[in-house]
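Reviewing the structure listed below.
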Amino acid sequence: MNRPLRLSQLPLNALHAFEASARHLSFTRAGLELRVTQAAVSQQVKRLEASLGARLFIRLPRGLALTDEGQALLPAIERAFRGISETLERFRDGRFNDVITVGVVGTFATGWLMPRLARFTRMHPRIDVRLRTNNNRVDLAGEGLDCAVRFGDGAWHATDAERLFEAPLTPLCAPALAGKLRKPADLRRQTLLRSYRPEEWACWFEATGSAAPRKQGPMFDSSVAMAEAAARGLGVALLPAMMFGEDLKRKRLVRPFKAEVALGAYWLTSLHSKRPSVAMETFRTWLLAEAASVRPGSGKIGPDRVSSRP
């Protein structure tokens, strides 16, 4: 009975030759990539096939085609080489750099995190932060995220959530449109831009003691896109003003009313089943400290924590 092959029994150069040939479906193009001759690539693949006791390619008049065995082997080889490559990239100046992958709702990324991220990089030059922006819909496990900043009530399935700060919503619009707004009732004659949380406008009108109009406007899945639409005069957006400080400073957007309504907060979330790395703990400590500095009357580092168990 044949024993299973061990990785140590397979020649590394032959695995490289197979992977390149499978991507190009050509020994010639694989040879150009690997800087060896077509014959050398062909010989390496034959050597691998002999070790496995299986054909990996069908040789065609023009190019190659993978056999069933070749198709089964290729994904594993690609994952292995990709993992090695990603790890090698993390070595810099003779030292290993840690990596943290963070999912961030787009509004928070552009309006709050980006202006502060350089400070974290200066403090922790050996930690590479990789950001993936989203519209608040995120799959921590499926997307390979270490943690994610999200907006809501902190109750997400199978996650631990630590409250950063509230971001109250208030109407924002272009300066020309703001001149037409003296009281909340004036919004009845305007287009109200909406997010995918349709109850927000009703809550704001309720907070002002006014009845919400039935008139509805376009719906957006991105607050950043909605703010751009408002700046271009397409309507009035209900947005967290603190996330659009630069637009307000430059008067691309204007805040016509002081009234605001808090319908949630930004939270730092992670899977409670995921053991935190040093990079995760470092980023968490820094982010919570930064968040504490913007919360009115708060001097604490550790905000409220919510754990949503399955």
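Here, each number is a calculation from the coordinates, and none is a lab measurement. Remember, it's a predicted structure, so these values are computed and weren't measured experimentally. No Cβ is skipped: glycine too gets one built from the backbone with ideal geometry, and neighbour counts run over all protein chains shown.
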Ranked from fewest to most other Cβ atoms within 10 Å of their own Cβ, Lys258, Lys274 fall in the order Lys258, Lys274
Based only on other Cβ atoms within 10 Å, what is the fewest-to-most ordering of Ile100, Ile77, Ile127?
Ile77, Ile127, Ile100
Under 5 Å, built H, 5+ apart or other chain: amide partners of Asn134
Val104, Val105, Gly106
Taking springs between alpha-carbon atoms closer than 10 angstrom, which of Leu140, Leu56, Leu287 fluctuates most in the Gaussian network model of the chain?
Leu56
Sparse-neighbour loop sites [trypsin sites (Lys or Arg not before Pro); the range 151-193; at most 14 other C-beta within 10 Å; DSSP]
Lys180, Arg182
Distance-filtered residues of the range 57-87 - backbone nitrogen under 18 Å, label point 7 angstrom along Arg29 Cα→Cβ:
57-67, 71, 74-75, 78
Skipping prolines and chain starts, which residues have an amide H placed within reach, meaning under 5 Å, of the one on Phe57, given they are 5 or more residues away or on another chain?
Thr67
Based on other C-beta atoms within 10 Å, arrange Tyr266, Tyr196 from fewest to most.
Tyr196, Tyr266
In Hz, Karplus ³J(HN,Hα) per residue of the range 253-261 (6.51, -1.76, 1.60; θ = phi - 60°; x = Gly, Pro)
10, 10, 9, x, 10, 7, 4, 9, 9
In degrees, nearest 10, the alpha-carbon axis of helix 38-52 is tilted away from the dominant principal axis of the alpha carbons of the chain by 90
Under unit Cβ charges (Lys, Arg +1; Asp, Glu -1), what dipole magnitude, rounded to 20 debye, does the range 7-89 have relative to its Cα centre?
320
Mind grabbing the base-10 log of I(q)/I(0) for the chain at q = 0.06, 0.08, 0.13, 0.15 Å⁻¹? Debye formula, identical points on the C-alpha positions, no solvent, two decimal places.
-0.36, -0.57, -0.95, -1.11
Relative to the longest principal Cα axis of the chain, at what angle does helix 278-292 sit, 0 to 90 degrees, rounded to 10?
10
Compute the helix-to-body angle for 68-89: its Cα long axis versus the longest principal axis of the chain, expressed 0 to 90° and rounded to tens.
60
Quick check for you: which residues of the range 99-115 have the amide N under 11 Å from the point 7 Å beyond the Cα of Arg130 toward its beta carbon?
99-102
Signed unit charges on C-beta, dipole axis of the chain, positive-most listed residue Trp112, Leu60, Met123
Trp112
With θ set to phi - 60°, apply the Karplus curve 6.51 cos²θ - 1.76 cosθ + 1.60 along the range 131-147 and write out the HN-Hα couplings as whole Hz, x wherever there is a Gly or Pro.
9, 10, 7, 8, 9, 5, 9, 9, 10, 4, 6, x, 9, x, 8, 6, 7
Ordering of 170-176, 133-139 by burial proxy (mean other Cβ atoms within 10 Å per residue, highest first):
170-176, 133-139
Magnitude of the Cβ-charge dipole (Lys and Arg +1, Asp and Glu -1) of the chain about the Cα centre, nearest 20 debye, reported as 640
